[in-house]
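Heads up: the structure comes next, in structure tokens.
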Amino acid sequence: MYLNNFEYFAPKTPGEALDLVGRMGNKAKVLAGGTDLIIMMKEKMIQPEYLIDINNVKEFKGISYEPGKGAVIGAATKISELEYSPVIRDKYFALHQAAGELGSVQVRTMATIGGNSCHASPAAETPTPLVAFGAKVVISSVSGDRELPLEEFILGNRKNALGEGELLTQFILPEPAPKSASRYWYIGLRDAMEIDAVNMAVNIVLENDGRTVKELTLVMGSVSPRPLVSVEVPGILVGKEFNSELVEKAAQAAAGEAKPISDIRASAEYRREVTAVLARRLLQAAFDAAREV
Amino acid sequence: MKQLIELTINNRVYEVPVSPKDLLADVIRDKVRLTGTKKGCGQGDCGACTVLIDGEPVLSCLTLAIACQEKKIDTIEGLVAEDGQLHPIQQAYVDHGAVQCGFCTPGMILTSKALLDRNPKPSEEEIKRGISGNICRCTGYKKIVEAIFAAGETISTAGVK
């Protein structure tokens, strides 16, 4: 349970951080929360020569929101800050819920939004709602920034789109549409400190009549190597008046799209069943909430 | 490659030689010799190694000591007043029989403190949620929840921190 020897760097500015990431390339790992990284080092899954601790770079932290434009979240922002942020709760409720259900209070104090996506566990909590909101990530290097939809950043189980010398620095969330609401939930073996068997986020936009679905995104986690965006569910509900018959059809469609595996936490069959359960509950909850907006 | 760093633990500055790979839990126990902080699973699941950093509960078994310079670290030893008087949370644990083998207790109490600092009058559900990252192998959770509830009452009526 001990770590290999490495050299430690704690840059204070984005420039210093990007310079170090650029110079050290694949020999370095970036330390954000450490709740996944240090465990992987303890288990000798990785043995980096250098650690670049980005927690002292204040530009990489914090949540800013501009009405009409949306939110920008620094990649090193702690999960607990998302959990307690009034803006995240008011505007991006599904992300507020996912942040509050991640790990324990200690893990949420340490772990970061950027780390959760970079680690790219199929069972990760925050990528599911972030993809449902259409979040983009900013990837920085000494030669500049590029943006990518988060959906394209997460490539598969523990694989992300970062190239050598690149660092994930921000998440950009669009302003929520009027008459919209979002919901997140999960099913696991126990209530706390579990790894989700299935998680899901729904983001729904209604027409002014408060009944017709204008836009809808349903994203499933832990039933595919990466966040799975439903194609069939919007096809069933968008342009229609919301009703329980269509919800049932949509729930079955989501379960059909899920590509779960059997593992220590649940069988593929169980995961498919509860995908339908979550879809039914979340579609209804998001619809009810959007009517109140 | 060791280097000397300063760690502020329980309002006292300690100068300790560390390697970058040294974990805060090991430095606190083996170098600073404050053995109240326990090491359990080493993977961030059990919460026995919980300390407070700038008032927030953190897993010291997953934290590099070198990353804690210029931070305020509190361990269980720092909760006792100079005259030896127990902190109201510690007293509540004693009064309610919330300590069995005692191994989870330091981490559990520090997590309780962070919870009560944020929310002095938590509901039973909020307490359970708050301590869900601290595992008690004796499974004495009921008395722990009662102790935290009572400590919250004491703290909010007496205004103790």
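The values are calculated or read from the model by the stated rules, or taken from the named source; none is laboratory data. Keep in mind that this is a model prediction, so the values were computed, not measured. A quick note on method: Cβ atoms are made from the backbone with ideal geometry, for glycine too, and the neighbour counts reach across all protein chains shown.
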Give the residue that is nearest to the other protein chains (Cβ to nearest Cβ), with candidates limited to residues of segment A:1-30 that are in contact (Cβ under 8 Å) with a residue 60 or more places away in the chain and within 21 Å of B:Glu70 (Cβ to Cβ). A:Val30
Restrict the check to segment A:163-180 and report whether at least one residue is in contact (Cβ under 8 Å) with a residue 60 or more places away in the chain, on the phi > 0 side of the Ramachandran plot and not β-branched (Val, Ile, Thr). yes
Of (1) more than 30 Å from A:Leu218 (Cβ to Cβ); (2) touching a residue at least 24 places away in the same chain (Cβ under 8 Å); (3) more than 9 Å from chain B (Cβ to nearest Cβ), A:Asn55 fails just (3)
Restricting attention to segment A:245-293, which residues are assigned to a loop (DSSP other than H, G, I, E, B) and surrounded by fewer than 20 Cβ atoms within 10 Å (Cβ to Cβ)? A:Lys259, A:Ile261, A:Ser262, A:Asp263, A:Ile264, A:Arg265, A:Ser267, A:Val293
For segment A:105-123, which residues satisfy the criterion of being more than 16 Å from A:Ala161 (Cβ to Cβ) and at pLDDT 95 or above? A:Val105, A:Gln106, A:Val107, A:Arg108, A:Thr109, A:Met110, A:Ala111, A:Thr112, A:Ile113
Just give me the residues in segment A:80-124 being surrounded by 21 or more Cβ atoms within 10 Å (Cβ to Cβ), more than 22 Å from A:Met41 (Cα to Cα) and touching a Gly at 6+ places or on another chain (Cβ under 8 Å), in sequence order. A:Val105
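Taking the conditions exactly as written (in contact (Cβ under 8 Å) with a residue 60 or more places away in the chain, β-branched (Val, Ile, Thr), touching a Pro at 6+ places or on another chain (Cβ under 6 Å) and outside the structural domain of A:Ser85 (by TED's automatic domain parsing)), does A:Val131 satisfy them or not? Show your work before the answer.
Details: in contact (Cβ under 8 Å) with a residue 60 or more places away in the chain: yes; β-branched (Val, Ile, Thr): yes; touching a Pro at 6+ places or on another chain (Cβ under 6 Å): yes; outside the structural domain of A:Ser85 (by TED's automatic domain parsing): no.
No, not satisfied.
I'd like to verify a number: residues in segment B:11-38 that are assigned to a loop (DSSP other than H, G, I, E, B), crowded, with 18+ Cβ neighbours inside 10 Å and not small (Gly, Ala, Ser), how many? Spell out how you get there, then give the answer.
Of the residues in segment B:11-38, the ones assigned to a loop (DSSP other than H, G, I, E, B) are B:11, B:19-22, B:32-38.
Still in the list and also crowded, with 18+ Cβ neighbours inside 10 Å: B:20-22, B:32, B:34, B:36-38.
Now drop any that are not not small (Gly, Ala, Ser), which leaves B:20-22, B:32, B:34, B:37-38.
Within segment B:11-38, residues that are assigned to a loop (DSSP other than H, G, I, E, B), crowded, with 18+ Cβ neighbours inside 10 Å and not small (Gly, Ala, Ser) number 7.
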Checking the structure you have, find out if any residue of segment A:31-42 is of a type outside the set (A, V, I, L, M, F, W, C), within 9 Å of chain B (Cβ to nearest Cβ) and outside any loop (DSSP other than H, G, I, E, B). yes
Restricting the search to segment A:43-57, which residues are outside any loop (DSSP other than H, G, I, E, B) and of a type outside the set (D, E, K, R)? A:Tyr50, A:Leu51, A:Ile52
Among (1) within 21 Å of A:Val87 (Cα to Cα); (2) assigned by TED's automatic domain parsing to the domain that holds A:Ile73, there is one condition A:Glu166 misses while meeting the rest; what is its number? (1)
Can you work out which of the residues in segment A:60-76 that are farther than 18 Å from B:Leu62 by Cα and touching a Gly at 6+ places or on another chain (Cβ under 7 Å) is surrounded by the fewest Cβ atoms within 10 Å (Cβ to Cβ)? A:Gly62
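Residue-by-condition table, conditions (1) farther than 26 Å from A:Phe287 by Cα; (2) in contact with a strand residue (DSSP E or B) (Cβ under 9 Å, 6 or more places away or on another chain); (3) not charged (D, E, K, R):
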| site | (1), (2), (3) |
| --- | --- |
| A:Val231 | no, no, yes |
| A:Gly239 | no, yes, yes |
| A:Ser244 | no, no, yes |
| A:Lys249 | no, no, no |
| A:Gln252 | no, no, yes |
| A:Glu257 | no, yes, no |
| A:Pro260 | yes, yes, yes |
| A:Glu269 | yes, no, no |
Kindly indicate whether B:Ala98 is within 26 Å of A:Tyr8 (Cβ to Cβ) and crowded, with 24+ Cβ neighbours inside 10 Å. no
Go through segment A:238-273 and give me each residue that's in contact (Cβ under 8 Å) with a residue 60 or more places away in the chain and hydrophobic (A, V, I, L, M, F, W, C). A:Ala258, A:Ala266
Subset of segment A:148-194 that is closer than 22 Å to A:Arg108 by Cβ and among the hydroxyl-bearing types (Ser, Thr, Tyr) - its residue that is farthest from the other protein chains (Cβ to nearest Cβ): A:Ser182
Condition test on A:Ile46, is it free of Cβ contacts under 8 Å to residues at least 40 places away in the same chain, surrounded by fewer than 16 Cβ atoms within 10 Å (Cβ to Cβ) and under 16 Å from A:Cys118 (Cβ atoms)? yes
So B:Ala48, is it part of a loop (DSSP other than H, G, I, E, B), within 30 Å of B:Lys21 (Cβ to Cβ) and either hydrophobic (A, V, I, L, M, F, W, C) or in contact with a His (Cβ under 7 Å, 6 or more places away or on another chain) (or both): yes
What number of residues within segment A:1-30 satisfy the criterion of being not polar (S, T, N, Q) and not in a helix (DSSP H, G or I)? 13
